[in-house]
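*Asks:* Take a look at the following structure, please.
Every read-out reported here was derived from the displayed coordinates using simple, explicitly stated rules and does not represent laboratory data. Owing to the predicted nature of the structure, the values given are computational and were not obtained by experimental measurement. Glycine also receives a Cβ, built like all others from the backbone with ideal geometry; neighbour counts cover every protein chain displayed.
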């Protein structure tokens, strides 16, 4: 009834579909990059996260090293806490590192820029570990605030 | 021998139209029963009622003593395995070869090995004279051959009852002769019970053991071929002789011609 | 008065057709599944509805992707935003064009064929003869075709989107000179697997259900004459297309409408 040729063609069909899905998943959506595999978490408090979203990229000098894992509000002091999932490959960031929320291009999406700090040679190097807070953070630039500051400084002149 | 099928006081409507008005008939086991009548009076409907594809509005149909309309789906399907039907068009599955068509009921309903199925199918095809055509597709067969292939399929599960729906319609004389011979031969060889629905008088007279003639929603005559021939009913005689006009009117019921042409609405 | 009666009888007719369609679907998919016997039938039907639709899907996907690459480029380049060509092509295909166009092509290519096939089986008494052989046509004929459609269409939609994105690459990158790295990386940054790809797949599963269901029911319910079958085939294409477009709006509103 079901001839070998039919079975073969259906097999080819399903294989093509799987290949297409893999193409979409890996090449188009970039699933599996830096969110799969081993990661560790760092946290950072910002005054304002602007348009940062879960799954936004975390980049060092343009290289993506992780993603924003979650965003929540600290229930006590009402500032946003951003949890970053960083690939375990990069596990030797000094505790003096800083993060800031940047925008790619004029109208692009926002991402977390990560600036590794300097290692003091005379002391024991301290690295960021899972669950640590990054102390030095710079908030997102909010256009309205910028304009406000500009007008204010103009007004003072 | 006893009766294989008994129909009691059957009434059936299609929409508003009465198809059968309180008819009763019996089909004796091991015999060939013919049901004759003019076209369009629902002879095929009767077969579908026996097969349980349609339900009567009142009355009962019993197959081996069990009431068909009262059966649920499962028992009905069980009963249908003991009957089979040869459709007017043959109704072969067009996407399978003749061999697969004949093997189909075996594959569906039995767990026989493919070897055994092959043997059985070739035997059935041999019986209808189409063993050489096993690998053809139904579209490559002539009308008569398609009907013979369908017949091979119908007998593949060795049913107790086989129903022929207009087996002779649209056949050339040779095919007709072949089919008559097959129906008769199968009935005797396999000890089948056959029901033949047809309006081909001469063919049926040669193979039927008992004949019912249906017209005007009821049975107008019954008996052995001899009794039918000698029937005094004008309706029966009109049907046998093939007269154009008589008790069964030539005209479809309508208002009179004068009224229709001259009187306006 | 006359028109009211007309309206009433039409409504009743539609309602009873809908009821029959539900009964048919229930009979086909709820009826005791028989995996061993049915799998070869489903595979056969995937060949008919899926594999044989592959060519039209590949060609249409490629051309639609190429057109999107071309159109998108000419619009985006005037804002200096041709780097966004990747996400534009990918998102349009994954969210909308992939599922919708696949469903429309499927309705025209496979749906109409299904209707005609089942309608002809009915007209040539094949369905009746199955029933008389104690084989349930819903299980033997309808169910495998339904499942084959349900399996094939999402696969076709995925292939369509993938080929379309490659088509966009072909025009945008290889011909018009957008940077290949930009095309892919901006796309990767924008496209979300769950939100965009999976929602597209969910859409196409629902479209598959609607299209296959309509096609099978129209065939199963067709008046068994050549005129009835030709009418049923036309209705399959028209109803499926309308249903897909209408359903698409509802699904889009549910999936992407509210952040």
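*Asks:* What number does chain A give for Rg over Rh if you use C-alpha atoms and the Kirkwood radius?
*Replies:* Working: Rg = 22.2 Å, Rh = 18.6 Å.
My calculation of the ratio gives 1.19.
*Asks:* Moving on. Restricting things to alpha carbons, find the Rg to Rh ratio for chain C using the Kirkwood radius for Rh.
*Replies:* My calculation of the ratio gives 1.07.
*Asks:* Residues of A:11-20, mean number of Cβ from any other protein chain within 10 Å of their own Cβ, rounded to a whole number? It would help to have the intermediate numbers written out before the result.
*Replies:* Details: counts 2, 2, 12, 6, 0, 9, 11, 3, 3, 12.
Rounded to a whole number, the mean comes out at 6.
*Asks:* Per DSSP H run of n ≥ 4, the term is -39500 (n - 2.57); total these for chain A, divide by its residue number, and report the mean residue ellipticity at 222 nm rounded to 500 deg cm²/dmol.
*Replies:* Values: 2 runs with 33 residues, N = 157.
Calculated mean residue ellipticity at 222 nm is -7000 deg cm²/dmol.
*Asks:* So if we plug the beta-carbon distance of residue C:198 and residue A:119 into 1/(1 + (r/R0)^6) with R0 = 41 Å, what FRET efficiency do we get, rounded to 0.05?
*Replies:* 0.45
*Asks:* On a full-extension model of 0.36 nm per residue, what is the gain between residue B:259 and residue B:22, subtracting their alpha-carbon distance, rounded to one decimal in nm?
*Replies:* Numbers: separation 237, 0.36 × 237 = 85.32 nm, distance 3.46 nm.
Gain in length upon complete extension: 81.9 nm.
*Asks:* Something else now. Nearest 0.05, what FRET efficiency do residue B:169 and residue C:63 give at R0 = 41 Å with Cβ-Cβ as r?
*Replies:* 0.20
*Asks:* Oh, and also: Return the average number of partner chain Cβ atoms within 10 angstrom of each residue Cβ along peptide C:183-192.
*Replies:* The mean count of partner-chain Cβ atoms within 10 Å per residue comes to 5.
*Asks:* Taking the Cα centroid of region B:172-251 and of region A:53-96, what is the distance between the two, rounded to the nearest whole Å?
*Replies:* So the two Cα centres are separated by 91 Å.
*Asks:* Using a Gaussian network for chain A with springs between C-alpha atoms less than 10 Å apart, which of these wobbles most: A:24, A:128, A:141?
*Replies:* Maximum among the listed residues: A:24.
*Asks:* Something else about it: To the nearest 10 degrees, how steeply does helix A:4-22 sit against the main Cα axis of chain A, on a 0 to 90 scale?
*Replies:* 0
*Asks:* Something else now. I'd like to know how region C:159-259 sits against the 2.2 N^0.38 Å rule of thumb: what's its Cα Rg over that expected value? Spell out each step's value before the answer.
*Replies:* On the way: Rg = 19.2 Å, N = 101, 2.2 N^0.38 = 12.7 Å.
That ratio works out to 1.51.
*Asks:* Using Cα atoms only, what is the angle between the long axis of helix C:143-169 and the major principal axis of chain C, expressed in degrees (0 to 90) to the nearest 10?
*Replies:* The helix C:143-169 is inclined about 20 degrees to chain C.
*Asks:* OK, next. On C-alpha positions alone, give me the angle between the axis of helix C:2-30 and the longest principal axis of chain C, in degrees, nearest 10.
*Replies:* 80
*Asks:* Another question, if that's okay. Take peptides A:133-140, C:214-221, B:92-99, A:40-47 and line them up by average Cβ neighbours within 10 Å, highest first, as a rough protection proxy.
*Replies:* C:214-221, B:92-99, A:40-47, A:133-140
*Asks:* P(r) of chain B in 5 Å steps, Cα pairs, percent per bin?
*Replies:* Per 5 Å bin, starting at zero, the Cα-Cα P(r) for chain B comes out as 1, 6, 12, 15, 17, 16, 13, 9, 6, 3, 2, 1, 0, 0, 0 percent.
*Asks:* Would you calculate, for chain C, the mean residue ellipticity at 222 nm contributed by helices, counting each DSSP H stretch of 4 or more residues as -39,500 (n - 2.57) and dividing by all residues, to the nearest 500?
*Replies:* -24000 deg cm²/dmol
*Asks:* Anyone know which of C:12, C:130, C:91 comes out most mobile in the 10 Å Cα GNM of chain C?
*Replies:* Comparing C:12, C:130, C:91 in a Gaussian network model of chain C, the most mobile one is C:12.
*Asks:* With bins 5 Å wide starting at 0, give me the P(r) of region C:218-259 over every alpha carbon pair, in whole percents.
*Replies:* 5, 24, 16, 14, 11, 10, 8, 6, 4, 1, 0
*Asks:* Specify the inter-centroid distance of region B:47-78 and region C:160-184, based on alpha-carbon positions, in whole Å.
*Replies:* 65
*Asks:* Also, quick follow-up: Would you compute, for the Cα atoms of region C:190-244, the largest minus smallest coordinate along each principal axis and list the three values in descending order, in whole Å?
*Replies:* Result, largest extent first: 52, 15, 11 Å.
*Asks:* Ok, one more. Can you compute the equivalent ellipsoid semi-axes for the protein assembly as shown, i.e. the square root of 5 times each eigenvalue of the Cα gyration tensor, sorted largest first and rounded to whole Å?
*Replies:* Semi-axes (√(5λ), whole Å): 74, 28, 22.
*Asks:* Sticking with this one: How many percent of all Cα-Cα pairs in region B:1-131 sit more than 23 Å apart?
*Replies:* It works out to 46 percent of all Cα pairs.
*Asks:* Can you classify region B:31-72 as rounded, prolate or oblate using the Cα gyration tensor, where a ≥ b ≥ c are the square roots of its eigenvalues, rounded means a/c under 1.5, and otherwise it's prolate if a/b beats b/c and oblate if not?
*Replies:* Oblate is the answer for region B:31-72, as a/c is 1.5 or above yet b/c matches or exceeds a/b.
*Asks:* While we're looking at this one, here's another question. When the convex hull of the C-alpha atoms of region B:137-232 is computed, what volume per residue in Å³ does it have?
*Replies:* On the way: hull volume 11.3 nm³, N = 96.
Cα convex hull per residue, to the nearest whole number: 118 Å³.
*Asks:* How large is the helix-only mean residue ellipticity at 222 nm for chain B, computed as the sum of -39500 (n - 2.57) over DSSP H runs with n ≥ 4, divided by its residue count, in deg cm²/dmol to the nearest 500?
*Replies:* Computed ellipticity for chain B at 222 nm equals -11000 deg cm²/dmol.
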